[in-house]
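**Q** This structure is in structure tokens; I'll ask about it shortly.
The values are calculated or read from the model by the stated rules, or taken from the named source; none is laboratory data. Here the structure is a predicted model, which means the values were calculated and not measured. Using ideal geometry, Cβ is built from the backbone for each residue, glycine included, and neighbour counts are taken over all protein chains shown.
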Amino acid sequence: MRAESDAENAAGGGATKANGTPVAPVVPGAPGAPGAPAAPGTAAGAGPAARSRRFPSITRDTARPEGSGRAVPGAVSTPVRQWPMLSVLTATAVGLLATAFGHPRVGCLAIGVALIAASVMRRVLPSVGMLAVRSRFTDMITYGLLGVAITLLALVMAAPKPGW
């Protein structure tokens, strides 16, 4: 019986303790195996080191972008999943076209309102696709301040025919 369980353990079979609980096979060279080097930061025989909760100094992979499949299921086309970003880009394009066709005040107002809308969408919507660039707070402040600044500049632009 002893020889059979040793043979099963060596072959990766199902060895068990006397009470019937399974025992994992010993893999030579694995951490915790007899004769294996201790894990870094632990004393020999002290058990594995607790994982640190700090971020690693070297990033090994990247996080999934917020856009892609989180906002809407993957079966929906990309433009539908990215509607917040597309709406802001469309309003900005309308503002640029209005400016190009000789209506700078209207154009700048449209761009400023688009950025303010981006700030509001970033705050209200749980997922905004590619409109999310940084943290939610930073995006809201950035979009909001730029939108307010452009809108105020559009409102205080020199009037075409000043009264003085």
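**Q** If we scan segment 131-145, do we find a residue that is in contact (Cβ under 8 Å) with a residue 12 or more places away in the chain, within 21 Å of residue 80 (Cα to Cα) and part of a helix (DSSP H, G or I)?
**A** Yes, segment 131-145 has at least one match.
**Q** Taking the stated definitions as given, is residue 109 at pLDDT 85 or above, of a type in the set (A, V, I, L, M, F, W, C), assigned to a helix (DSSP H, G or I) and loosely packed, with under 15 Cβ neighbours inside 10 Å?
**A** So residue 109 does not fit the description; no.
**Q** I want to confirm something. Restricting to segment 137-160 and keeping residues that are of a type in the set (Gly, Ala, Ser) and at pLDDT 95 or above, which single residue is surrounded by the fewest Cβ atoms within 10 Å (Cβ to Cβ)?
**A** Filtering first and then ranking leaves 149.
**Q** Continuing with the same structure: Residues of segment 122-136 being surrounded by fewer than 21 Cβ atoms within 10 Å (Cβ to Cβ) and not small (Gly, Ala, Ser), which ones?
**A** Passing the criteria: 123, 124, 125, 126, 130, 133, 134, 136.
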